[in-house]
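Following: one structure in structure tokens, then a few remarks.
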Amino acid sequence: MKYALLLSTIFSVSAGLLLDHENSQHGTESSTYLLVSKYLSGQRTIHHEIEELRSQHELSINLLTSQLKTKFEELDTLMKAKSPGNNSCQTTVENLKETVRELNENNTRLEHDVYELQSKYTILSRVFENRTIELNHKIDELYRLKTIQQLQTVNYMQNKVQFLDSSVTSLLSREQARNQDFLALYNMTKQSQESITSLQHDVSKHNDKVAYFACRKLRTTFAGGATLIFESTKTSVGITNSSSIQTTGQFNCTVPGIYHISVALTSYSSKAVFLIMKNKNELIKGWVNEYNTQHTDWQFVTAVALTELNIGDILDVTAYPSTPVVVEGSDYSCITIVKML
């Protein structure tokens with residue numbers, strides 16, 4: 001580009017000088033001044049355009065550099081954000097590698113056991129074959145003898161071979177039986193482990209602690225047949241539905257076992273009766289002593305029950321259908337439910 005511009009400049013100057021030479025012969029000098037002005041003006045225009053192109057080029061480079069820097073920063077942030085996920089994946093891969101290693105070790109042990117059994121079988125087979133060959137050679141020699149004693153010896157040796165054959169067969173049968181016993185023992189061990197696991201699960205479930213103790217906050221009159229509600233929970237162990245008990249007054253069993261239930265009420269409802277119920281069936285009645293109706297004496301009444309509960313069984317305390325009960329609050333009236341076994 002620079003060489004082309006230089007050549008163009010030289011040609012322009014040369015042409016201008018040529019025109020100046022011709023015009024000087026005719027006595028006109030103004031055209032010489034005009035050609036030089038045009039040349040200088042063109043040079044300034046070209047220089048200005050080059051400067052503008054350079055400026056635009058620098059702006060483009062700066063903009064591209066800024067965009068690349070922003071992209072690299074975003075990529076670095078994204079990689080840092082995904083680092084915990086990569087660590088989790090690395091941990092998972094390490095766990096899988098450890099599992100594969102354990103499986104390989106188990107497989108190696110099994111292959112070693114199979115190899116030992118195969119070696120023992122091979123040794124027995126070789127011993128049997130060698131012994132059979134040896135006895136066959138002896139029998140062949142004895143067949144060549146013609147005396148009765150020799151024939152008897154042959155018969156004895158045949159019996160011996162048969163005995164050895166039966167012994168080897170018995171050994172093989174015992175080996176197979178031993179393998180079957182080992183397999184049966186393995187299956188029994190596996191079943192025992194499953195039974196122990198199930199028993200441990202049942203024992204753990206029976207050993208779960210369950211205890212609930214709640215009281216009545218405000219003095220309340222419960223209509224006949226209504227469920228008594230003890231909304232102030234004092235103790236809650238192993239209870240997952242305490243909020244439901246506070247609102248409905250019903251204890252829903254989630255852990256099976258033997259439960260002790262006691263209800264203590266402070267009431268001045270003469271001859272009032274309340275019931276401890278299991279699945280809408282009466283366990284025990286509590287009765288408020290009869291007293292002179294001219295005096296509103298408070299009576300303290302307790303009712304205690306023991307029962308077995310399964311998952312889904314419901315306990316509640318209800319007023320007798322025909323007798324409303326006035327229950328004193330301020331923690332004077334409470335219920336206790338405890339899993340004993």
Legend entry - Net charge of Cβ neighbours under 12 Å - reference THR108; Lys, Arg +1; Asp, Glu -1: -2
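Would you mind putting 323-334, 275-286, 233-244 in packing order, based on average other-beta-carbon counts within 10 Å, highest first?
Numbers: 323-334: 18.3, 275-286: 15.5, 233-244: 13.5.
Ranked by mean Cβ neighbours within 10 Å, highest first: 323-334, 275-286, 233-244.
Efficiency by 1/(1 + (r/R0)^6): what FRET value for ILE50 and THR92, r their Cβ-Cβ distance, R0 = 56 Å, to the nearest 0.05?
Working: r = 61 Å, r/R0 = 1.09.
Computed FRET efficiency for ILE50 and THR92 comes out at 0.35.
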Inset, instruction - Would you rank TYR115, TYR320 by solvent-accessible area, highest first, keeping every protein chain in place and using a 1.4 Å probe? - result: TYR115, TYR320
Inset, instruction - Could you go through segment 327-340 in sequence order and give the Karplus-derived ³J(HN,Hα) for each residue, using 6.51 cos²θ - 1.76 cosθ + 1.60 with θ = phi - 60°, rounded to whole Hz, and x for Gly and Pro? - result: 10, 6, x, 6, 6, 8, 10, 9, 10, 10, 10, 9, 7, 8
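How much length, in nm to one decimal, is gained on full extension between GLU194 and ALA305, taken as 0.36 nm per residue of separation minus their Cα-Cα distance? Each step should come with its number before you reach the end.
Values: separation 111, 0.36 × 111 = 39.96 nm, distance 3.71 nm.
This chain segment gains 36.2 nm when fully extended.
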Legend entry - Cα centroid separation - segment 304-341 against segment 224-244, whole Å: 9 Å
Legend entry - Residues listed by number, segment 241-278, amide nitrogen under 15 Å from THR227 label point at 7 Å toward C-beta: 241-254, 275-278
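The values are calculated or read from the model by the stated rules, or taken from the named source; none is laboratory data. Here the structure is a predicted model, which is why all the values come from computation and not from measurement. Note: ideal-geometry Cβ built from the backbone for every residue, glycine included; neighbour counts use all protein chains shown. Each accessible area value is taken on the protein alone, full model and side chains, heavy atoms only, with ligands, DNA and RNA left out. Shrake-Rupley method; radii C 1.70, N 1.55, O 1.52, S 1.80 Å.
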